[in-house]
Every structure is written in C-alpha cells, then in structure tokens.
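Read through the structure below, which is laid out as structure tokens, and then see the notes.
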Amino acid sequence: MKRSRIDSFIMQQEGLESLSRDIIRAIQLKKLNRLLSLEKERNGYYRDLPACLKSLDELATLPFTTDETLAHQAGQLLLLSQSRIRRVLSDATSGTTGAAKRVFYTEADLENTVRLYRAGLGELVFPGDRVMICFPFSGPQGLGELIAEAVSRLGAAPLKLGCGLSYGEYADVMEREKPDCFVGMPVQLLSLLRVCSRGSLRRALVSGDACPDAVIHCCEDLLGSRLFPHYGSREMGMAGAITCPAHAGMHLRENDIIAEIVDGYGRVLPEGEFGELVITTIGMEALPLIRYRTGDYTRVLPGVCPCGSEVLRLDSVTRLGQEQEMARLDGAVFTLEEVVDCRVKLDGAACAVEALVRDTLSAARLTAAVKSVFPEREVSVSIRSVLPEDHALYPGKRVCLSS
Ligand SMILES: [Zn+2]
C-alpha cells in the first residue's frame with residue numbers, strides 16, 4: 001500500500017530524508033522550546049512558563065489555553081506585528097462572555113495550509129480532474145480559495161461553488177461541469193448524492209463538520225468509493241489531519257501540531273482512549289498556542305498505520321455538547337434513505353425534527369429513528385418533499401438548536 005502523503009509533507013517541510021516517531025518527537029520538542037524561550041524573551045503571554053522543557057512528557061504540566069484567552073488576549077498571544085498578518089478569523093459567538101475569538105495568520109501560515117491541503121487532496125485528486133468545492137468563498141485568502149489553490153497545484157480544475165446554492169442549482173452545475181471530485185461537508189455530500197445522484201462524481205474529501213459513521217457509509221455506497229475525511233480547526237490554520245490510502249484515521253501534521261487527549265479533569269489519556277483534543281500549535285507563525293482546549297472529541301489511534309506511516313492518527317472527530325448530539329441523531333436519521341436533510345430543535349423534554357425527503361417517508365419511521373437516540377424525549381416530526389429551490393437546512397456546522 002502507498003504510504004500516506006503526510007510523510008513526504010513533513011519530510012519536505014522539515015528538510016528530512018526519513019521519518020520516525022523519534023524524529024517527529026525531536027522536532028516537536030525543539031520547536032516547542034524555541035517558542036517557550038521566545039515568549040520569555042519578548043515577555044509574551046506565555047512568559048511565566050519554563051523557558052525550556054527536557055522532554056515532551058513535561059508538556060502535560062503546563063496550563064491550558066482556552067477560548068476565553070483567544071477572545072480577550074489574542075493581541076498578547078500574537079507573536080508578530082499586525083503588518084505581517086494576512087488574515088484574521090473572528091468568531092463572534094464563541095466563549096461564554098460573548099467576546100469574539102480571534103485567530104491571526106501570516107503568509108507562511110496560509111502557505112502551510114495550502115501545502116497540507118495539497119497533500120490531503122493528492123490522495124484523491126489527479127491531474128485533469130474537475131473538483132467541486134463546496135466551502136465558503138469569503139475573500140482572497142478564505143477557506144474556499146486556499147482549497148482551490150491546492151487543487152490547481154495538483155493540475156486539476158477547481159469549481160468554486162461555495163455552500164449556498166439550492167439543490168437545483170447544484171444539480172445543474174453537476175450536469176454541466178461533470179465534476180470528478182467533491183470537497184465539502186459530509187451531510188452536504190449525502191444530500192447532493194440523494195437529490196442529484198452521483199452523476200460524474202467518483203471521489204470526495206469531507207471536512208468542516210462531524211462525520212457520523214452512518215453518513216460516511218451512506219455516502220460511500222452511493223459514490224462507490226471510500227471517503228477521505230480531513231480535520232482542521234481555525235487555531236491550526238484550518239488544516240490539521242488527512243486521510244491516507246489505508247483509510248484508518250487521519251494523520252496529523254505533527255511537525256506543526258502536538259496533540260494530547262485529556263479527560264474531563266484535564267488529565268492526559270493514553271492512546272486509544274476518547275477525550276477532548278488539546279493542541280499545541282508549534283508551527284503557527286502568527287499565533288502559536290500552548291495546550292489549547294479545542295472542545296473537539298476524539299482519540300489517538302494506537303500503533304502504526306497499515307500504510308506504514310508512524311505519524312499519529314486521529315479517529316473521527318465530533319464537537320463536545322449539542323453538536324455531538326446532532327451527530328448521533330444524524331447517524332440514526334440518515335440511515336433512512338429517503339432523508340435528504342433534517343433540522344432539530346430541543347425545547348425542554350421536547351424534540352422537534354423537520355425533514356426534507358425524496359419520495360415519501362412515514363412519520364412513524366422518522367419518529368422511531370429519532371427515538372432511538374432520544375428515548376426520553378417527546379418527539380414531533382414534520383416532513384416534506386424536497387424541491388429544486390430548497391437549500392441545506394444548516395448553512396454551516398450542524399447542531400441541535402435550542403429555543
Ligand atoms: Zn496511513
């Protein structure tokens with residue numbers, strides 16, 4: 001089997017001729033110590049931490065960085081002057097205080113993102129392919145444009161569709177442009193496959209939201225090939241971990257990110273155990289974070305990948321909280337092959353589900369699927385047939401809404 005492109009990505013980035021766990025850990029310790037000593041020197045946000053660690057095991061003794069810090073002290077975390085910043089992402093809804101969480105990127109940070117996308121997409125996109133990109137196109141260095149750049153570097157043609165078209169509009173583009181590959185969110189892909197059918201599509205990379213196993217399997221059945229999930233978050237430059245030809249988890253770009261999994265008390269868990277992902281982003285030039293609590297729930301898969309790579313692999317990732325409930329619900333509801341999309345509202349003990357379907361679906365079958373996840377709740381459902389002018393029921397990440 002072909003080894004993951006993550007190996008050649010890391011070797012190229014770091015100027016190495018071979019790669020092993022020892023080499024990766026040595027790079028991580030070196031970059032972490034460089035950051036710690038820089039913080040001491042510049043009297044930065046992390047100035048009170050030790051200037052040097054003897055081993056990576058000592059990382060677990062350092063305090064966490066949280067969303068609150070990113071909301072209120074992003075300026076202090078920033079390593080460089082504002083003139084070097086090429087892009088700022090701000091999230092007005094994060095944190096309990098309502099303050100906006102801000103993340104900054106330099107040109108080099110964005111270039112690293114494109115390079116990782118190129119490595120991840122290189123597993124499924126070939127020269128001459130046409131690739132439909134269903135992520136937002138929000139400006140010159142937005143997510144959509146960075147993916148499009150990676151697609152172009154692979155000698156393929158990006159179709160910049162974004163995520164705001166109606167099903168009818170997507171169907172028209174797919175008919176006219178005959179894309180080979182899809183890049184977008186998992187449920188969005190399943191909705192398209194169910195409304196528009198596979199058409200010319202043969203391969204897909206999914207990212208940006210939870211990937212429940214059932215949704216993955218339904219997509220793979222309709223597409224006739226295995227999906228390539230990707231994981232990234234804003235704090236890691238939107239690019240984190242990619243799937244290799246073994247389809248056995250997502251390889252993390254470990255030369256730039258140190259991953260830990262912690263339990264509810266913040267204690268580090270061993271490989272194989274599920275918990276919250278904590279990242280130390282030693283490769284970010286503008287805004288490196290030490291032990292940032294992502295709020296994402298996953299585990300590190302034990303052992304060496306069947307592809308031969310020793311680069312750490314993450315299992316599928318969900319968000320803690322109501323997005324995790326949504327992923328469980330999607331896992332149950334999308335096994336009904338009539339369902340194109342669904343939206344959920346929780347109100348005390350009540351759970352209202354709105355579903356768009358093709359053909360017909362009985363309320364009893366949908367209710368039973370919802371009850372399998374929420375046995376205690378009072379479930380009500382509303383069902384209607386999908387129309388060409390319908391849009392996805394969630395514009396972005398899927399979450400159980402509450403009133
Ligand atoms: Zn692998």
### Summary
Given (1) under 23 Å from ASP172 (Cα atoms); (2) over 17 Å from the mean Cα position of the chain (by Cα); (3) within 16 Å of the ligand (Cβ to nearest atom), LEU205 misses just (2)
### Query
Quick check, is LEU59 part of a helix (DSSP H, G or I), assigned by TED's automatic domain parsing to the domain that holds MET174 and hydrophobic (A, V, I, L, M, F, W, C)?
yes
## Note on the structure
From the option list THR97, THR61, single residue qualifying as over 16 Å from GLY283 (Cβ atoms) and at pLDDT 85 or above is THR61
### Summary
Log entry, pairs with first residue in segment 30-41 being in contact (Cβ under 8 Å) with a residue 60 or more places away in the chain, second being open to solvent by 10 Å² or more (accessible area, probe 1.4 Å) and part of a helix (DSSP H, G or I), beta carbons closer than 9 Å, six or more apart or on different chains, reads LEU32/LEU56
### Task
For residues that are part of a strand (DSSP E or B) and out of contact with any Gly (no Cβ under 9 Å at 6 or more places or on another chain), scanning just segment 289-300, find the one that is nearest to GLY321 (Cα to Cα).
ASP296
### Message
If I filter segment 1-58 down to residues being more than 16 Å from the ligand (Cβ to nearest atom) and of a type in the set (Phe, Trp, Tyr), which single residue comes out as most open to solvent (accessible area, probe 1.4 Å)?
### Response
TYR45
### Task
Being assigned to a strand (DSSP E or B), open to solvent by 10 Å² or more (accessible area, probe 1.4 Å) and either charged (D, E, K, R) or within 16 Å of the ligand (Cβ to nearest atom) (or both) is the filter here, so list the residues in segment 244-288 that pass it.
MET250, ALA259, GLU260, GLU276
### Residue identified as open to solvent by 60 Å² or more (accessible area, probe 1.4 Å) and either farther than 19 Å from HIS217 by Cβ or more than 16 Å from the ligand (Cβ to nearest atom) (or both) among TYR292, TYR297
TYR297
### Query
Given the residues VAL206, VAL195, VAL187, which is the only one that is touching a strand residue (DSSP E or B) at 6+ places or on another chain (Cβ under 8 Å), over 17 Å from THR335 (Cβ atoms), crowded, with 23+ Cβ neighbours inside 10 Å and β-branched (Val, Ile, Thr)?
VAL206
### Message
Taking the conditions exactly as written (open to solvent by less than 20 Å² (accessible area, probe 1.4 Å) and either assigned by TED's automatic domain parsing to the domain that holds PRO245 or within 19 Å of the chain's Cα centre (by Cα) (or both)), does SER152 satisfy them or not?
### Response
no
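A quick yes/no check of all residues on (1) within 16 Å of the ligand (Cβ to nearest atom); (2) in a loop (DSSP other than H, G, I, E, B):
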| residue | (1), (2) |
| --- | --- |
| PRO306 | yes, yes |
| ALA355 | no, no |
| ASP359 | no, yes |
| THR367 | no, no |
| SER382 | no, no |
| LEU387 | no, yes |
| ASP390 | no, yes |
### Task
Quickly run through segment 377-392 and pick out the residues that are over 30 Å from the mean Cα position of the chain (by Cα) and exposed (fewer than 13 other Cβ atoms within 10 Å of the Cβ).
GLU378, SER382, ARG384
#### Entry: Count of residues meeting criterion [in a strand (DSSP E or B), acidic (Asp, Glu) and under 18 Å from VAL215 (Cβ atoms)] in segment 336-353
1
### Task
Answer with yes or no whether SER362 is within 21 Å of GLN188 (Cα to Cα) and either open to solvent by 30 Å² or more (accessible area, probe 1.4 Å) or outside the structural domain of CYS218 (by TED's automatic domain parsing) (or both).
no
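The values are calculated or read from the model by the stated rules, or taken from the named source; none is laboratory data. Predicted, not measured: the structure shown is a model, and the values here were computed from it. All Cβ positions, glycine included, derive from the backbone under ideal geometry; neighbour counts span all protein chains shown. Side chains are part of the model used for accessible areas, which takes the heavy atoms of the whole protein and leaves out ligands, DNA and RNA. Shrake-Rupley method; radii C 1.70, N 1.55, O 1.52, S 1.80 Å.
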